[in-house]
Every structure is written in structure tokens, then in C-alpha cells.
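Below: one structure, written as C-alpha cells.
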Amino acid sequence: MTQPMNLIEKILAPHVLSGDMRPGQPLSLRVEQTLTQDALGMIAYLAFEFLGLPAVQTELSVSYMDHNLLYTDFRNPDDHAYLMSVARKYGIVVSRAGNGICHSVHLARFAKPGKLVIGTDSHTPSAGALGMIGIGAGGMEVAAVMAGEPLSLAMPEVVRIELTGKLRPGVNAKDIALEILRRFGVKGGLGLAFEFGGEGLETLSVPERMTLTNLAVETGATTSVCPVDEEARRFLRAQGREADFVPLTADPDAAYAQTVTIDLGALEPLLALPHQPDKVVPVREAEPVQVDQVFIGSCTNSSFSDMMKAARILRGRHIDPSVSLIVTPGTRQNYLALLESGAVETFVRAGARVLECGCGPCVGMGQAVRTGGVSLRTVNRNFKGRCGTKESSVYIASPETAAFTALAGHLAWGLEGFDPACLQDIREPERYDTDDSLILCHPEPDRDVKIVRGPNIREIPLGDPLPDSLTATVAIRLGDNVSTDDIAPSGAKNVANRANIEEVSKSTFERIDPDFWKRALALGNSVIVAGVNYGQGSSREHAALMPRYLGVRAVIARGFARIHRANLINFGILPLECADESLFSPGDQLLLSGLLRSGERGAVTLRCLTIGQSLELSLRLSPYEWAVVKAGGLLPYIRAKRQL
């Protein structure tokens, strides 16, 4: 008799090439689609070039230009020219600058129920809103999948999020997502996958579901998925893609690690306080902090209906004179609909600055806050300094809360004489504009295309094989929840150098320790020490590649975020686990011995030469991960495997 399967298991099962779907066990998975964004895709395509194949081996690979839209000098346009030429040469689809944010465009135009997509962005699980499993990863893993390699993934435990009831007028899907973050925290989802269901889910549109699958990433969850029901069919029909509809639901009596129930009718407007997305409180309990800036946009909350709700609140009113209101439609498709509806005129007359379709302020690409300033944003992350200004505070909230705050000049929800019931009739369009003129398809690779390579685009530095022993110095000791924004800061200056590892490595930990890069280079071999959830946040592999270039050979921590741990392995850095990082101090000399046997043993013998103490550190690697580390990283591993 066939065992009942939950939705995650049902989608993964036909993709499993080896392994079994028991929680924590390694799986080797076939993947149909890849997506990249320009800030992290450069490394993926440089790696793919290195592998020497004539074309991508996937059903579909899409290159999105949505992050690096500030052409302050030659570097970002050079990157885009490179990406355009690579796409023509290898048979990759391009979503050009101005077409929109990768997750929003992919959901609308390419996501297919029941399939797998891996992307160089941690919010790739957004595709789960249409019953497609999305996995965020570093560019090396995406390059490997484009080359026909399987994806290596530990099977997550599946948690069912049961939604009951219906949201009250003015309460947003963002408030559901923030409630999930309040309950799980920024590391409570590690090793988990969320499956949404229940009668409450049936009341949510696909873009609202994407808000859930997008923001659930911030718990550390591997992925999230929604069933493919009649609401999904309506969305695909509106996109002119009803032929892609495949009904998918969990089997009756499917098993889950746990079930969490959320009564939508009991929710109220929430917000996340600085500087973590899980510091969630009701808006009514927050102090009426004065706000310098409000940003409505990002992949989390830039749908047509989200923008329309904000416009309905702002209609006939003007923002507080102390506030700068920034509005960024997520996609060109939604922008056109907002133009036709009159919403864009409403934003402009209310005093907003309307930007082009892209990630923009969410990733610190323009619209930074003044020193010591406060911004309320409809984004998914509010890490310290992410907005582009180190000494600033960012709050996360819904578009409704953002609009009310822009009018009041301080954190607020509601307006005298305003009845939120007027927001109830706002719906997604019955038919979307499907003009894909900014999407360039290259179904046949053209090997005669010459790659356009600007002077700031350099080869990826490769790691050397793991030695049996090495001496290294503790270069820095950090606390809990160190984010990839802390390790490899974003922003226009740094993102423009992402294809030049030698130059961008100088920004490693620059907001915490500006001299880290000089010290690490001088040390030769070094080690980073940290607490729990090291590497949370973005999938940017530069947070591993930059330290490795500077000589970091191991990270000792109490725990790692999933994607960052994988990135460390992919660049040959040992992810060592230790119950008490306070045992180590900056400057300690460490001897790591017996390394070539450590993978099989599951431990590394370490001796602190400074104090003469020895201990064992855990090294939990699958056989595949161990082979990658021994080779010095994923590219050397694949090269040796294919005898390139």
C-alpha cells in the first residue's frame, strides 16, 4: 500500500535520483529550471564558462537583470553586456533591466507546478506560490545544475501551516508572514520546509501566497510551497498560461513534523523592529517613531493589488512633509496595469517618487537613509546597514501600514475617517498584459557569439585541495545571526565589483571591521569564529568566496544557515561546529590535523597552540560534500570528475 505523501514529498519524489526522503538525509535531485539575478549571476556564468559546455542542460534557464540598475560608471553596464552575450552563446533566456524583479517575473511567466527551480537568490522559494519547489543557492551550485549536475540537498522536515478564517480589511498577507516569523524566529526554520494549506489559504491570491513563500525564507526554511488549486488556475489563466495548470495537493492523512495553525481573522497589522525580521510586534504597540522614508516595493509586496491598496489609502491625500515616499512596482506587467488604473498618478500627486521596476532600495541600491534616519519598508530584510546607511533603522511592514505611515510622518496604522472596508474590492486583474518584449529568448545556443568581457570582470579564483594539516590564526570572533550582509555588504559600490573578487574582497566585514581584509591577507591561513545561525540572509556566495580569497580555511560556529553552509563547502572552507565559540579569541594559533580523514570521522582534531588545549570539532558532511571540500571546492571537484 502506498504511503500518503505531503505536497513537498509529492513534488520531490519524481526528481530524486538517489537518496531517500527521510528528514536530514542527503538527496540528489534532477532540476528543470534555473534563475539568476545580476548581482550574483555573474559568478554562476563565469563558473559555467569554466566548465566548457556548449549549452545549458536544463529545460529553462533565465538570467534576470534586476539588482544592478544604478549605472554609476562602466561596471554595471559591462556586467549586463556580459550577461546578454553569455545568454546568446549558451541558450539562456534574458529578462532585461526594467522588466522587473526576478521572483515576481518568474512566478508570472515561467513557474510551473510540480517542477523544481534553483536560483542564485535566497528568495527563489517564492515560486512555491504556484506549487513549484524553489531552492536558493550560490552561483556555483546553479552553474553545476546548468551543466547537468544534480542538486545535492538534505531532505527537510515538513511543517504544515494551516490557515483558517479570513483576513480582515486592511490586514495584509505580509501580516501572516510576519506572524510566522514571530513564531519561528530567524533560525527556527532551519532544516524545515513549510507547506501552506487550509480554508484560509483559499481566500488568498497567488501574489498574496508569494508574500508567504517569499518571507518564510527569513526563518531559515529550505523552501515553502502552496497547493495548486482553482486560485492557481485563475492566476495562470490571467497570465495566458492555463495550459501549465496541474492540480497538486497533499494526500489525505499525509504526515508532518508538526502543524501550526494561524487564524487569519485574529491577525492585526504587524511590523518588524530593527534590526531583525523576527522582532515582530503589533503596530498599535509600537512607539510612534518619526520616519524619514517609506518604501513600498520589493519582491515581497509589489503586486498589483498591494500597490492598489496603498494607492487607495493615499488617494486625495498628501504625504507628511518630513517623509520621502518611494514606490517601486515589482514588474513592468504590474506597472502597466497601475498606469491604466490611475494608481501611478495617485502616487505622484500624493508626493511619491516612482522608480523603475527592480529591487532598488531593498538591496541598498540607491535611496539610502540619512545618517541616524528611520525607514519603514515593505521588504523582507532589515539587517543593520542593508539599506545603504550603517547608522539607520529599518522597520518592515505591509503596504497599508506603509501608506498610513507616509501620511502621518510616524509609525501608524489607520486614518481618521478612513474605512478599511474600501480596500476589500481590490483584486488582481482578470487578465494581465503579457507583453514580453523585454524578455529575450535564445532557444538555440550560438557558439559563434563572442563574450563581452569588461575590464572589471575577472576569472574566479580556484581553491587548492584540502591538506592533511594546516596552521591558521583566528582572524575575527563574532556573535549570533551574522548575516551575509555583514560578511559581504551590498550597495552600489560593492555590487559593481562582484565579478572582481580581488577588489570586492576588500569590503569583507567592512561594517564590522574595516581592516579585516588586510589582516586576513597578512595572516595567510585564517579562521572565522561565530555563534549560531552564521551566514543568515542572502544566498550571496561572495560571503564565502571573499573570505576564502583572503585565506580563510575554516569557520568555527555553533550553527550555520543552510545556503551559506553550502557556499562554504563549495569554496573548500570547512564548516566546523563547536558548542562554545568563547573558547577561541582573535589571534589564537590553531593547528588542524588529520584533515584528510576528518570527513569519514565526522570530526576535526584541533589544537589551540596559544593555550595548549586540544578538542574535537564536529564536521558533518555528506559523502558528496566531503568530496567537494577535499577537492578544494565545487569547480575543482567537477573538473576532476569530468577530467577537464
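Could you run through the stretch 396-411 and say how many residues are in contact with a Ser or Thr (Cβ under 7 Å, 6 or more places away or on another chain) and either farther than 20 Å from Glu218 by Cβ or not small (Gly, Ala, Ser) (or both)?
Final tally of qualifying residues: 3.
Would you check if there is a residue in the stretch 463-476 being under 30 Å from Arg332 (Cβ atoms), among the small types (Gly, Ala, Ser) and touching a residue at least 12 places away in the same chain (Cβ under 8 Å)?
Checking the stretch 463-476: not a single residue is under 30 Å from Arg332 (Cβ atoms), among the small types (Gly, Ala, Ser) and touching a residue at least 12 places away in the same chain (Cβ under 8 Å).
If you scan the stretch 155-176, which residues turn out to be under 17 Å from Asn301 (Cα atoms) and out of contact with any Pro (no Cβ under 9 Å at 6 or more places or on another chain)?
Across the stretch 155-176, the qualifying residues are Leu167, Ile176.
If you go through the stretch 428-440 one residue at a time, do you hit one that is touching a Pro at 6+ places or on another chain (Cβ under 7 Å) and among the charged types (D, E, K, R)?
Looking for residues that are touching a Pro at 6+ places or on another chain (Cβ under 7 Å) and among the charged types (D, E, K, R), one finds at least one in the stretch 428-440, hence yes.
Considering only the stretch 240-276, state which residues are within 25 Å of Lys112 (Cα to Cα) and acidic (Asp, Glu).
Selection gives Glu242, Asp244, Asp251.
Mind counting the residues in the stretch 590-617 that are part of a strand (DSSP E or B) and loosely packed, with under 13 Cβ neighbours inside 10 Å?
Of the residues in the stretch 590-617, 2 are part of a strand (DSSP E or B) and loosely packed, with under 13 Cβ neighbours inside 10 Å.
Do any helices (runs of 4 or more DSSP H) entirely within the stretch 42-152 hold 2 or more residues that are closer than 19 Å to Leu635 by Cα, and if so, which?
75-90, 139-146
Per-residue answers, yes or no, for (1) farther than 25 Å from Gly599 by Cβ; (2) touching a residue at least 60 places away in the same chain (Cβ under 8 Å); (3) touching a Gly at 6+ places or on another chain (Cβ under 7 Å):
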| site | (1), (2), (3) |
| --- | --- |
| Pro514 | yes, no, no |
| Ile528 | no, no, no |
| Ala554 | no, yes, no |
| Ile563 | no, yes, yes |
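Checking Ala492 against (1) farther than 27 Å from Ser582 by Cα; (2) free of Cβ contacts under 8 Å to residues at least 40 places away in the same chain, which single condition isn't satisfied?
Here Ala492 meets the rest and fails (2).
Hey, Thr203 hits all of (1) surrounded by fewer than 24 Cβ atoms within 10 Å (Cβ to Cβ); (2) closer than 21 Å to Ile11 by Cβ; (3) in contact (Cβ under 8 Å) with a residue 40 or more places away in the chain but one; which does it fall short on?
(2)
Gly52 passes all but one of (1) on the phi > 0 side of the Ramachandran plot; (2) modelled with pLDDT of 95 or more; which number fails?
With respect to (1) on the phi > 0 side of the Ramachandran plot; (2) modelled with pLDDT of 95 or more, Gly52 is out only on (2).
Can you give me the number of residues within the stretch 83-103 that are more than 29 Å from Glu208 (Cα to Cα) and in contact with a Lys or Arg (Cβ under 6 Å, 6 or more places away or on another chain)?
Within the stretch 83-103, residues that are more than 29 Å from Glu208 (Cα to Cα) and in contact with a Lys or Arg (Cβ under 6 Å, 6 or more places away or on another chain) number 0.
Return the residues of the stretch 484-499 that are part of a helix (DSSP H, G or I) and at pLDDT 90 or above; say none if nothing qualifies.
Correct list: Thr484, Asp485, Asp486, Ile487.
For the stretch 623-639, which residues satisfy the criterion of being outside any helix (DSSP H, G or I) and either hydroxyl-bearing (Ser, Thr, Tyr) or in contact with a Ser or Thr (Cβ under 7 Å, 6 or more places away or on another chain) (or both)?
Selection gives nothing.
Please work out if Leu7 is among the aliphatic types (A, V, I, L, M) and surrounded by fewer than 19 Cβ atoms within 10 Å (Cβ to Cβ).
no
Let's see how each residue does on (1) over 20 Å from the mean Cα position of the chain (by Cα); (2) at positive phi; (3) assigned by TED's automatic domain parsing to the domain that holds Gln589:
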{"residue": "Arg519", "(1), (2), (3)": "yes, no, yes"}
{"residue": "Gly524", "(1), (2), (3)": "yes, yes, yes"}
{"residue": "Val529", "(1), (2), (3)": "yes, no, yes"}
{"residue": "Val532", "(1), (2), (3)": "no, no, yes"}
{"residue": "Gly537", "(1), (2), (3)": "no, yes, yes"}
{"residue": "Ala544", "(1), (2), (3)": "no, no, yes"}
{"residue": "Phe560", "(1), (2), (3)": "no, no, yes"}
{"residue": "Ile563", "(1), (2), (3)": "no, no, yes"}
{"residue": "Ile569", "(1), (2), (3)": "no, no, yes"}
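If a residue must be closer than 20 Å to Leu167 by Cβ, among the aliphatic types (A, V, I, L, M) and in contact with a Pro (Cβ under 7 Å, 6 or more places away or on another chain), how many such residues does the stretch 251-268 contain?
Counting residues in the stretch 251-268 that are closer than 20 Å to Leu167 by Cβ, among the aliphatic types (A, V, I, L, M) and in contact with a Pro (Cβ under 7 Å, 6 or more places away or on another chain) gives 0.
Touching a strand residue (DSSP E or B) at 6+ places or on another chain (Cβ under 8 Å), part of a loop (DSSP other than H, G, I, E, B) and surrounded by 14 or more Cβ atoms within 10 Å (Cβ to Cβ): which single residue out of Asn456, Asn481 fits that description?
After applying the criteria, what remains is Asn481.
For the stretch 415-461, what are the residues that are among the polar types (S, T, N, Q) and within 30 Å of Glu502 (Cα to Cα)?
Of everything in the stretch 415-461, just one residue is among the polar types (S, T, N, Q) and within 30 Å of Glu502 (Cα to Cα), namely Asn456.
Select from the stretch 165-185 the residues that are assigned to a helix (DSSP H, G or I) and basic (Lys, Arg) and list them in ascending order.
Lys174, Arg182, Arg183 - these are the residues of the stretch 165-185 that are assigned to a helix (DSSP H, G or I) and basic (Lys, Arg).
Residue check, Thr2 against (1) without any contact (Cβ under 8 Å) to a residue 24 or more places away in the chain; (2) assigned to a strand (DSSP E or B); (3) among the β-branched types (Val, Ile, Thr), all met but one. Which one?
That leaves (2) as the condition not met.
Looking only at residues that are among the polar types (S, T, N, Q) and modelled with pLDDT of 95 or more in the stretch 318-370, which one is surrounded by the fewest Cβ atoms within 10 Å (Cβ to Cβ)?
Ser322
The values are calculated or read from the model by the stated rules, or taken from the named source; none is laboratory data. Being a predicted model, the structure only gives us computed values, none of them experimental. In this analysis, Cβ positions are derived from the backbone assuming ideal geometry, glycine residues included, and neighbour counts consider all displayed protein chains.
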